[in-house]
Amino acid sequence: MRLDGIHHVTCITADAPRNVDFYTRVLGLRLVKKSVNQDDPTVYHLFYADEEGHAGSDITFFEYPGARPGVAGAGMIHTIVWRVASTDALEFWAGRLSAEGHEVEADGESLRFSNPEGLAHEFVVARIQDEPLVARNPEIAPELALQGFEGVRAYGRTSDEFLSALGFEHEDGRWDTRADTRGGWIEYGEAPEAPGIGGAGTVHHVAWASRMEDQAAWQQRVQDAGGHPTEIIDRFWFRSIYFREPSGVLFEIATLGPGFATDEDPAHLGEKLILPPAFEHLRDRVEPLLTPLPNPREHWVAQ
């Protein structure tokens, strides 16, 4: 029983409209679900991914309007690493991001930059055969587009025994997990002296992917390893357990399904506010609290 790489990465934003513009227009991802934080339904939960909304490409954001800027510290993820197909793709992104006013740092087969709120991203040339998870965008050729997650970098030092018990393998400073569909990794580094501060531009948690039928077994496995997992929570589009690994990074294990097309036409993902059935009764109360967001593809010429 192995985890299928990264399922999704959830972050925090203070500005949903700017967030939508950056991740859909600039980075070319698809807004695949516009919903609310199920633990605090007064705020958005926005999901961006490839064209079909696959796990492995899904970066999500809770919006807390006006939230203070955060700073990554010990026990926090500080960089999200994405795959691209080639050095030509890196050159394309260096030009595109620079034209948008982002400072970029090129280093061989990687490119580093930050989103408008300071969240660090890195693009690397893919060296494995996982299926590219690509979104359609009229300004970005498919061969240049993002292909899904490679890994995440965190501050702190975790327990080798704990991650080994969850099936991660340690190699070249990274903890890697791979199963039937994809692989992914987390890499730990020395934390800055100043403590971390949660807020806009920080990562809330990383989720690892599991098969639906294995979720109860993963809950038991985390507990046997010395962790303290939550109960299995039905998020409607997937089922989840949460726990902190020994350095403090919040982990989730989320299932590969049912998926975002469970309650929307795949051709129209992310175009309107969707609430899971258990939250639908709150619509009249929460919808007025949310900043109206446009459909990012509304202006596209029919193709």
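Throughout, read-outs are computed from the coordinates displayed, never taken from laboratory work. Only a predicted model underlies this, so the values are computations on that prediction, with no experimental measurement involved. Positions of Cβ are generated from backbone atoms using ideal geometry, with glycine treated the same way; all protein chains shown enter the neighbour counts.
Going 7 Å from the Cα of residue 280 toward and past its Cβ, which residues in segment 239-266 have a backbone nitrogen under 13 Å from where you end up? Taking a point 7 Å out along Cα→Cβ of residue 280, the residues of segment 239-266 whose backbone N falls under 13 Å are 263-264. Working note: Karplus 6.51/-1.76/1.60 with θ = phi - 60° gives segment 47-57 the couplings 10, 10, 7, 7, 4, 9, x, 6, 4, x, 10 Hz, where Gly and Pro are set to x. Start at zero, step by 20 Å, and the Cα-Cα distances of the chain spread as 34, 61, 5 percent across the bins.
Computed about its Cα centre, the charge dipole of the chain is approximately 500 debye, with only Lys, Arg, Asp and Glu carrying charge at their Cβ. Around the amide H of residue 200, modelled in the peptide plane, lie the amide H atoms of 68, 70, all under 5 Å away and 5 or more residues distant in sequence or on another chain. The residues neighbouring residue 233, those whose beta-carbon lies less than 12 Å from its own, together hold a net charge of -2 under the Lys/Arg +1, Asp/Glu -1 convention. If you take all other residues with their beta carbon under 12 Å from the beta carbon of residue 94, and give Lys and Arg +1 and Asp and Glu -1, the sum is -4.
For segment 6-289, the relative contact order comes to 24 percent (Cα pairs under 8 Å, sequence separation of at least 6). Label separation (residue 233 vs residue 18): 2.7 nm, computed from points 7 Å beyond Cα along the C-beta direction. For segment 240-262, backbone nitrogen atoms closer than 17 Å to the point 7 Å from residue 180 Cα along Cα-to-C-beta are found at 254-259. Segment 208-264 and segment 182-202 have Cα centres separated by 20 Å. For segment 84-96, backbone phi angles converted through the Karplus equation (6.51, -1.76, 1.60; θ = phi - 60°) give residue-by-residue couplings of 10, 7, 6, 5, 4, 5, 4, 5, 4, 5, 4, x, 5 Hz, Gly and Pro being listed as x. For segment 79-159, the share of alpha carbon pairs falling in successive 10 Å distance bins from zero is 18, 50, 27, 5, 0 percent.
Per-residue 3J(HN,Hα) values for segment 275-281, derived from phi via the Karplus relation 6.51 cos²θ - 1.76 cosθ + 1.60 with θ = phi - 60°, read 10, x, x, 5, 10, 4, 5 Hz in sequence order (x marks Gly and Pro). Taking 7 Å steps out from each Cα toward its Cβ at residue 40 and residue 263 produces label points 2.1 nm apart. Calculated [222 nm] ellipticity per residue, helices only, for the chain: -3500 deg cm²/dmol; basis is -39500 (n - 2.57) per DSSP H run with n ≥ 4, divided by all residues, nearest 500. Annotation: extensible slack from residue 220 through residue 105 equals 37.2 nm (criterion: 0.36 nm per residue apart, minus Cα-Cα distance). Considering only 289, 270, 66, the residue lying farthest towards the positive end of the dipole of segment 6-289 is 289, judged by Cα position with unit charges set on Cβ. Between the beta carbons of residue 91 and residue 131, assuming R0 = 25 Å, the FRET efficiency works out to 0.60 to the nearest 0.05.
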